[in-house]
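The values are calculated or read from the model by the stated rules, or taken from the named source; none is laboratory data. Quick caveat: nothing in here was measured; it's all calculated off a predicted structure. In this analysis, Cβ positions are derived from the backbone assuming ideal geometry, glycine residues included, and neighbour counts consider all displayed protein chains. Heavy atoms of the whole protein, side chains included, go into the accessibility calculation; ligands, DNA and RNA do not. Shrake-Rupley method; radii C 1.70, N 1.55, O 1.52, S 1.80 Å.
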Amino acid sequence: MVKVTLIPGDGIGPEVTDAAKLVTAATGVDIEWEVVVAGERAIQTSGTPLPDGVLESIRRNKVALKGPITTPIGSGFRSVNVALRQQLDLYASVRPARALAGEGTRFPETDLVVVREATEGLYSGVEHWVDREHSAAETVNVITRRACDRIVRFAFEYARLHGRRKVTAVHKANIMKTTGALFQTAFREMAAKYADVPSDERLVDNMAMQLVKKPSEYDVIVTTNLFGDILSDLCAGLAGGLGIAPGALYGESIAVFEPVHGSAPKYAGQDKANPVAEILCVELMLRHLGHAEAAERVYRAVWETIAEKKVVTYDLALPGYTDRPVPASTCSAMAKEIARKVPLVDLKKPRPQPAAAKDFGAADGSLEGA
Ligand code: NAD
């Protein structure tokens, strides 16, 4: 039996984490969930969005599955998500963007992984108003060589371990001559140590354009905190939407699994949200815990459910995701369908993959730019 911390989160969080629990149970892996509350609900019960018990539980269990947590915009409490990453030193945010049976998506070949530094940069929380009138403000972009070294090393190790074909560093070193250059130098020096893994660099503005033009030219993308936050949503969009994009946060000894999407408050309590992103977090979590076969069953059950297009939520039923629009099912119905398929999956069949083979022809990206 493995004990895992479970944070249901805000908005659609409780619905999608219930879905994830159902699918975990279908794998037969013996997990005991230690449920702790963080976010808006914790303010009502504990007076703080991040009670000490949440951090203690994660430190004790070393593994957590998390739903999205709301952060007030412009004012109010600081992000619980950012605080968790900083306080537990979860420095590597890994967000795979895979097109799952998405014959109607624009880029059914999308198979990217964004590796984002998650503890510093423009999310360090070093910011203030410059004057009393609040007419000027500063946010400090804290970049350290130590954090750059460990995130780029993580990206190269990840690429090696998972047989990925290329690591691309994304920065803005032409304008940010100190912070950008620090990241760029760390990347170049690390790339020399991992000569067996092809690598290149892109400026972030150019990268955004290149990704929507030809995502198959890229594979693992490593970048700083804010750029990674933006590019991982972009990549989720290429793969078919936020509803199917899982994520993982790794520290030296702790791992927290959470979807790329937020708490989508407008869908809260409606049993409407897509549970796949949270369910694919279970896939990542099971792989991390050494249950490779159970993880593979979850991945394939998700794939088959989406491919069948019989029981899918609204976002996967719409034109734009599918060429065959179908009636939308609920979050809980889709979760039940995936859970039903988990034990039935035929592991002897070839693994379903994003559509086309990767083409590493000449990319027209350069480091020129403004
Ligand atoms: P969001 O990801 O919650 O929602 C953006 C849009 O994406 C939604 O309106 C919805 O159309 C779609 N969407 C998201 N998840 C979906 C799902 N599972 N199924 C179907 N459609 C889905 O982003 P937002 O509206 O910018 O943020 C809402 C709140 O979530 C904010 O408070 C934000 O701070 C927080 N947030 C938390 C996390 C986290 O916990 N890691 C991440 C991002 C945003």
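Some observations on this one:
- So R145, is it open to solvent by 40 Å² or more (accessible area, probe 1.4 Å) and modelled with pLDDT of 95 or more: yes
- Consider segment 248-288 and keep the residues that are open to solvent by 40 Å² or more (accessible area, probe 1.4 Å) and of a type in the set (F, W, Y). The one that is farthest from the ligand (Cβ to nearest atom) is Y250.
- Conditions (1) without any contact (Cβ under 8 Å) to a residue 24 or more places away in the chain; (2) among the small types (G, A, S); (3) in a strand (DSSP E or B); number of the one not met by S135: (3)
- Test: residue in segment 22-45 that is more than 16 Å from the ligand (Cβ to nearest atom), in contact with a His (Cβ under 7 Å, 6 or more places away or on another chain) and in a loop (DSSP other than H, G, I, E, B): yes
- Evaluation of K310 against (1) part of a helix (DSSP H, G or I); (2) over 16 Å from V114 (Cα atoms) (one fails), failing number: (1)
- Pairs, first touching a residue at least 60 places away in the same chain (Cβ under 8 Å) and of a type in the set (V, I, T) in segment 224-242, second in a helix (DSSP H, G or I) and surrounded by fewer than 24 Cβ atoms within 10 Å (Cβ to Cβ), C-beta under 8 Å, six or more apart: T224/T179
- Inter-residue pairs, beta-carbon under 6 Å, first open to solvent by 20 Å² or more (accessible area, probe 1.4 Å) and in segment 3-18, second assigned to a strand (DSSP E or B), 6+ apart: K3/E32; K3/E34
- Residues considered: L112, L122. Of these, the only one that is open to solvent by less than 20 Å² (accessible area, probe 1.4 Å) and in contact with a strand residue (DSSP E or B) (Cβ under 7 Å, 6 or more places away or on another chain) is L112.
- Residues that are under 11 Å from P265 (Cβ atoms) and assigned to a helix (DSSP H, G or I) within segment 1-16 comprise just one, G13.
- Qualifying residue in segment 83-92 (condition: closer than 30 Å to A317 by Cα, part of a loop (DSSP other than H, G, I, E, B) and within 16 Å of the chain's Cα centre (by Cα)): no
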